[in-house]
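K.L.:
Dropping the structure in here first, questions after.
Read the figures in this text as sums done on the coordinates, not as results from a lab. The structure presented is a predicted model; accordingly, all values stated were derived computationally and were not measured. Cβ placement follows ideal geometry from the backbone for every residue including glycine, while neighbour counts extend to all protein chains displayed.
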C-alpha cells in the first residue's frame, strides 16, 4: 500500500527511519529533535532529543533502541524506543537483536567477545545494520550481506 502523509509539524526533516511496528522516527533539523509519528494517522506521538545533536548524520531504529550517529564527533547517542536517553558511545554503533556492533576502520565488531566481521584491506566509511542485514560502504565499494546467527 502506498500512502501520502503531510507532516505539518515538521519543517526540515533530514533523517528518517521506521520501526518494526511501522512508527516513523524523523529528525527535524529546524526543531533539533526526533519527532515520532504514527504510521496510521501521520500524527505526532512525541518528540525527544531536543538540542542534543550538533550535526547528526544517521538515524537508526532497532527493536529496542534509537541510535543517532554524529560523524564529525564520532559519537552514537542511544535512546530507548520511547525516547529516553540511555548512553553516548564512541563510534558508529548499531544494534541488532540483543547485540551491539561498532564500526572500526577495517571491520565492524561485536561489543561482547570482540568478534570481527567484514574485515577488509580498505577503510569502511559508513555502516548500518537493519532487519538482519548489514551495509558497509567505502570509497571503493558497498557491501550488503545477511547476518547469520549460529544456534548454540
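K.L.:
For segment 39-98, how big is the tail of P(r) above 16 Å, as a whole percent of Cα pairs?
P.N.:
Everything past 16 Å amounts to 44 percent.
K.L.:
Would you calculate the separation in nanometres between label points at residue 147 and residue 11, each defined as 7 Å from the Cα along the Cα-to-beta-carbon direction?
P.N.:
It is 3.7 nm.
K.L.:
What is the spin-label model distance, in nm, from residue 110 to residue 137 if the labels are put 7 Å beyond Cα along the C-beta direction?
P.N.:
Between residue 110 and residue 137, the simple spin-label model gives 2.7 nm.
K.L.:
Then there is this: What is the chain by shape, rounded, prolate or oblate, if you read a ≥ b ≥ c off the alpha carbon gyration tensor as root eigenvalues and call it rounded for a/c under 1.5, prolate for a/b larger than b/c, and oblate otherwise?
P.N.:
Here the chain falls in the prolate category.
K.L.:
Can you sort 85, 127 from fewest to most other Cβ atoms within 10 Å of each residue's own Cβ? List each step's numbers first, then the result.
P.N.:
Numbers: 85 12, 127 23.
Listed from fewest to most nearby Cβ atoms, that is 85, 127.
K.L.:
Using only the Cα atoms of segment 96-151, construct the convex hull and provide its projected area averaged over every direction, in square nanometres to one decimal.
P.N.:
Answer in nm², one decimal: 3.8.
K.L.:
Take the Cα atoms of segment 1-90, find their three principal axes, and give me the spread along each one in whole Å, biggest first.
P.N.:
Answer, in whole Å and largest first: 38, 27, 20 Å.
K.L.:
Between residue 86 and residue 44, what length in nm is gained on full extension when 0.36 nm per residue of separation is reduced by their alpha carbon distance?
P.N.:
12.9 nm
K.L.:
Report the FRET efficiency, 1/(1 + (r/R0)^6), for residue 18 and residue 98, where r is their Cβ-Cβ distance and R0 is 25 Å, rounded to 0.05.
P.N.:
Using R0 = 25 Å, I get an efficiency of 0.75.
K.L.:
With a cut-off of 8 Å between alpha carbons and a minimum separation of six or more residues, what is the relative contact order of segment 48-152 in percent?
P.N.:
On the way: 204 pairs, mean separation 14.6, N = 105.
Computed value for segment 48-152: 14 percent relative contact order.
K.L.:
Among 59, 103, which comes first, then next, by fewest other beta-carbon atoms within 10 Å? Before the final figure, lay out each step's value.
P.N.:
Working: 59 20, 103 24.
Listed from fewest to most nearby Cβ atoms, that is 59, 103.
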